[in-house]
Amino acid sequence: MPQEPELNPETAPVEEVFLLSVQTDDHEKKRALRRAIAARDTESCYGLFSLAWLMAENRTGDSARVISLYSEALKLNPDFWLARFERANTRFDNNLLDEALSDYEDIIKEGIEEPNLHYNAALIRAKQERFDDAKKYYDSAIALDPGHGPAYFGRAAVFIHDRKYKEASADLAKAVECDPDNPVYHTTHGLTFINLSKMEEAEKELGKAIKLSPKDPKLYNFRANLYVIMGEYTMALADAAAILLLDPADFHACEMLGGLLLAHRRPGEALWALQRALELDPANERVKAIMKDKKLEGASPVKPDLKELSALGSDEPKN
């Protein structure tokens with residue numbers, strides 16, 4: 001069968017061009033179609049919407065102007081829910097939370113089954129510390145889209161706030177299933193496993209996070225503290241060294257490294273790390289107390305080979 005001729009955005013009815021811009025998943029095509037609409041028509045609801053959307057997309061013009069254009073589009077067409085949705089998003093991005101929530105809830109009342117409506121409303125309720133309401137919106141977002149990883153993650157955060165770690169772990173597992181390459185999901189799941197006293201599972205999740213984001217020192221810090229809890233002091237030593245390779249000014253890593261080197265009977269290197277910690281925080285009484293340890297008597301500071309120490313662990317940082 002012969003193919004239908006492709007719609008010409010310069011001559012086709014504006015409403016048809018706009019509908020195509022909504023239907024396409026090609027972002028560049030969406031931009032091109034909306035540019036064509038804005039160039040042709042700035043008086044219809046579709047023209048006003050396209051102009052506002054492009055201003056927000058290109059970060060040209062202030063947010064108040066963008067909101068105003070979406071509002072003008074809504075005056076022309078009160079049923080134009082997509083304009084209300086984008087206005088709500090702009091309000092949300094500018095911390096106008098009450099106004100954004102009002103828009104989201106108005107659309108939800110219209111029966112629009114868009115999971116991100118419920119998800120965004122949940123984010124606002126969570127920011128407002130209305131956690132029961134937030135959970136209800138996360139529930140409905142997941143009901144509409146069982147593959148919505150951020151909604152599982154958001155609901156897990158509510159469970160963590162309520163100290164319901166088992167329920168949080170179940171949601172974090174779903175979030176990871178939806179997006180296995182998200183280091184934040186793995187990290188949060190690892191920390192949740194610690195609260196459940198499931199240390200081996202915590203180690204696995206933090207290890208996955210590190211593999212996905214090997215230059216993030218805070219991930220090594222989380223795992224180093226876990227290793228201390230587990231009594232795996234050599235592994236903790238490796239992660240403390242890895243942190244300092246990535247961030248030489250990390251006070252807590254210097255303190256941890258000093259304490260661990262002292263426990264490993266390497267006083268010169270321990271003294272160097274503790275002195276470095278005091279350079280970063282001269283008034284720290286905890287470090288001063290450690291430096292009075294008898295094992296440091298007569299020691300001279302020796303800078304440790306951080307790369308060699310980090311290699312004692314399973315995940316040497318990538319420089």
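The values are calculated or read from the model by the stated rules, or taken from the named source; none is laboratory data. These numbers come from a predicted model, not from an experiment. When we count neighbours, we look across all protein chains shown, and the Cβ atoms used for this are built from the backbone with ideal geometry, even at glycine.
Sub-9 Å Cβ pairs linking a first residue in segment 180-199 that is closer than 15 Å to Phe222 by Cβ and in contact (Cβ under 8 Å) with a residue 24 or more places away in the chain to a second residue that is β-branched (Val, Ile, Thr) and surrounded by fewer than 17 Cβ atoms within 10 Å (Cβ to Cβ), at least 6 apart or interchain, are Ile194/Ile229; Met199/Ile229, ordered by first then second residue.
Being within 28 Å of Thr11 (Cβ to Cβ), part of a helix (DSSP H, G or I), over 31 Å from the mean Cα position of the chain (by Cα) and at pLDDT below 95 is a property that does not hold for Ala56. Only one of the numbered conditions (1) outside any helix (DSSP H, G or I); (2) without any contact (Cβ under 8 Å) to a residue 40 or more places away in the chain; (3) in contact with a Ser or Thr (Cβ under 8 Å, 6 or more places away or on another chain); (4) not acidic (Asp, Glu) is violated by Ala249, and that is (3). In segment 278-285 there is no residue matching the filter, namely being touching a Cys at 6+ places or on another chain (Cβ under 8 Å), closer than 22 Å to Glu203 by Cβ and not acidic (Asp, Glu). Please determine whether any residue of segment 151-171 is polar (S, T, N, Q), crowded, with 16+ Cβ neighbours inside 10 Å, more than 30 Å from Phe80 (Cβ to Cβ) and not assigned by TED's automatic domain parsing to the domain that holds Asp239. Taking every residue of segment 151-171 in turn, at least one turns out to be polar (S, T, N, Q), crowded, with 16+ Cβ neighbours inside 10 Å, more than 30 Å from Phe80 (Cβ to Cβ) and not assigned by TED's automatic domain parsing to the domain that holds Asp239. When the criteria are applied in full, Ile210 meets the requirement of being in contact with an Asp or Glu (Cβ under 6 Å, 6 or more places away or on another chain) and in contact (Cβ under 8 Å) with a residue 24 or more places away in the chain.
Summed over segment 58-105, the residues that are of a type in the set (Asp, Glu) and under 23 Å from Arg35 (Cβ atoms) give a count of 4.
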